[in-house]
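The block underneath contains the structure these notes are about, expressed in C-alpha cells.
The values are calculated or read from the model by the stated rules, or taken from the named source; none is laboratory data. Note that this is a predicted model, so its numbers are computed, not measured. Backbone-built Cβ (ideal geometry, glycine too); neighbour counts: all protein chains shown.
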C-alpha cells in the first residue's frame, strides 16, 4: 500500500492531507475479492462482480481531493460497491462525522458491509438503495460522492446538499465538482479523461 501511495503522490493526487491519511489507514486489499488480493495495490480498477468495479486508486484519490472531506462532516457515498470509498470517507470524517454508503445491488451491499466491518467506524454504514435517489430523509449532507457515471447530475442530490456543500460525480467520462452556492445557484468544475461503470438508478 505504501508503494501505491507513493505512486499516486507522484502522479499529483493525494494533495489533501486528510485524504492522504485515510489512504494510509485503509488497506485496499481488504476491499477486493480474495482471488484478486495479489492485484489489490495495482493502480487500476478491479472487478467485484455484477458488472461493477472497485475504482482505480488514482481516480478515487482525485475525486476525494476534490471533495475535501473534513472531520465532523456528514457525507453521502452513492455507489459504495466494495465499501472502500465509504471506509476512506469514514476515516476522513472521524468519530464526530457520519458517512452513509448506498448501493443498489444486494450482494454488493453485503460485500461492502462485511468489508467495512473490518474497521471500527461507529458512524459509517452501507445500506440498500431505495426507490428515491440518495437519502432525502437524512439530508442535508455536507458532501456527496458518486462513484458511477450518469448522463447528467441528479437534481435530487443537489437538493440534498447543504448550502456551501459539494457534490463530486462522474458524468459522461468526466469528473464534475459541483458546489451548491444557494438554493438556486451552483458552481461547476469539469475534469475530463476518466472512465466509470454506469450509474444504476
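Go through (1) modelled with pLDDT of 95 or more; (2) surrounded by fewer than 21 Cβ atoms within 10 Å (Cβ to Cβ); (3) outside any strand (DSSP E or B) and name the single condition residue 111 misses.
For residue 111, the exception is condition (2).
When only residues in region 12-44 that are assigned to a loop (DSSP other than H, G, I, E, B) and either in contact with a helix residue (DSSP H, G or I) (Cβ under 6 Å, 6 or more places away or on another chain) or at pLDDT below 95 (or both) count, which is farthest from residue 106 (Cα to Cα)?
The qualifying residue farthest from residue 106 (Cα to Cα) is 15.
So, of the residues in region 6-37 that are over 14 Å from residue 88 (Cα atoms) and in contact (Cβ under 8 Å) with a residue 12 or more places away in the chain, which turns out to be surrounded by the fewest Cβ atoms within 10 Å (Cβ to Cβ)? Let's see the steps before the verdict.
Applying the first criterion (over 14 Å from residue 88 (Cα atoms)) to region 6-37 yields 6-13, 15, 32-37.
Those left that are additionally in contact (Cβ under 8 Å) with a residue 12 or more places away in the chain: 7-8, 11, 13, 15, 32-33.
Values: 7: 16, 8: 19, 11: 13, 13: 23, 15: 11, 32: 22, 33: 15.
Selected residue: 15.
Looking at region 182-190, can you tell me whether even one residue there is within 16 Å of the chain's Cα centre (by Cα), closer than 23 Å to residue 19 by Cα and outside any loop (DSSP other than H, G, I, E, B)?
Our first condition is that a residue be within 16 Å of the chain's Cα centre (by Cα); within region 182-190, this holds for none.
No, there is no match, as no residue in region 182-190 is within 16 Å of the chain's Cα centre (by Cα), closer than 23 Å to residue 19 by Cα and outside any loop (DSSP other than H, G, I, E, B).
Which condition does residue 3 not pass, out of (1) surrounded by 15 or more Cβ atoms within 10 Å (Cβ to Cβ); (2) part of a helix (DSSP H, G or I); (3) without any contact (Cβ under 8 Å) to a residue 60 or more places away in the chain, if it passes all the others?
(1)
Please work out which residue is surrounded by the most Cβ atoms within 10 Å (Cβ to Cβ), limiting yourself to region 136-156 and to residues that are touching a strand residue (DSSP E or B) at 6+ places or on another chain (Cβ under 6 Å), at pLDDT 95 or above and over 15 Å from residue 66 (Cβ atoms).
Checked region 136-156; the qualifying residue surrounded by the most Cβ atoms within 10 Å (Cβ to Cβ) is 141.
Residue 173: in contact with a strand residue (DSSP E or B) (Cβ under 8 Å, 6 or more places away or on another chain), in contact (Cβ under 8 Å) with a residue 24 or more places away in the chain, buried (at least 18 other Cβ atoms within 10 Å of the Cβ) and on the phi > 0 side of the Ramachandran plot, yes or no? Before you say what the answer is, go through the steps one by one.
Details: in contact with a strand residue (DSSP E or B) (Cβ under 8 Å, 6 or more places away or on another chain): yes; in contact (Cβ under 8 Å) with a residue 24 or more places away in the chain: yes; buried (at least 18 other Cβ atoms within 10 Å of the Cβ): no; on the phi > 0 side of the Ramachandran plot: yes.
Against the criterion (in contact with a strand residue (DSSP E or B) (Cβ under 8 Å, 6 or more places away or on another chain), in contact (Cβ under 8 Å) with a residue 24 or more places away in the chain, buried (at least 18 other Cβ atoms within 10 Å of the Cβ) and on the phi > 0 side of the Ramachandran plot), residue 173 does not qualify.
Quick check, is residue 50 under 14 Å from the mean Cα position of the chain (by Cα), more than 23 Å from residue 121 (Cβ to Cβ), surrounded by fewer than 20 Cβ atoms within 10 Å (Cβ to Cβ) and touching a residue at least 24 places away in the same chain (Cβ under 8 Å)?
So residue 50 does not fit the description; no.
Give me the residue from region 177-201 that is at pLDDT below 90 and out of contact with any strand residue (DSSP E or B) (no Cβ under 7 Å at 6 or more places or on another chain) and, out of that set, surrounded by the fewest Cβ atoms within 10 Å (Cβ to Cβ). Before you say what the answer is, go through the steps one by one.
Residues of region 177-201 at pLDDT below 90: 192-201.
Imposing the further condition that a residue be out of contact with any strand residue (DSSP E or B) (no Cβ under 7 Å at 6 or more places or on another chain) reduces the set to 193, 195, 200-201.
On the way: 193: 7, 195: 12, 200: 14, 201: 14.
So the residue we want is 193.
In region 63-85, what count of residues is obtained for those that are farther than 12 Å from residue 23 by Cα and outside any loop (DSSP other than H, G, I, E, B)? Working first, answer last.
Taking region 63-85 and keeping what is farther than 12 Å from residue 23 by Cα, we get 63, 66-83.
With outside any loop (DSSP other than H, G, I, E, B) added as a condition, the list becomes 63, 66-67, 74-78.
Residues meeting the conditions: 8.
For region 161-180, does any single residue satisfy the condition of being part of a loop (DSSP other than H, G, I, E, B) and in contact with a helix residue (DSSP H, G or I) (Cβ under 7 Å, 6 or more places away or on another chain)? Break it down into steps so the answer makes sense when it comes.
We begin by selecting, within region 161-180, every residue part of a loop (DSSP other than H, G, I, E, B); these are 172-173.
Going one step further and asking which of them are in contact with a helix residue (DSSP H, G or I) (Cβ under 7 Å, 6 or more places away or on another chain), we end up with none.
Checking region 161-180: not a single residue is part of a loop (DSSP other than H, G, I, E, B) and in contact with a helix residue (DSSP H, G or I) (Cβ under 7 Å, 6 or more places away or on another chain).
Here are the criteria: (1) out of contact with any strand residue (DSSP E or B) (no Cβ under 6 Å at 6 or more places or on another chain); (2) in a strand (DSSP E or B); (3) within 25 Å of residue 45 (Cβ to Cβ). Tell me which single one residue 92 does not satisfy.
(2)
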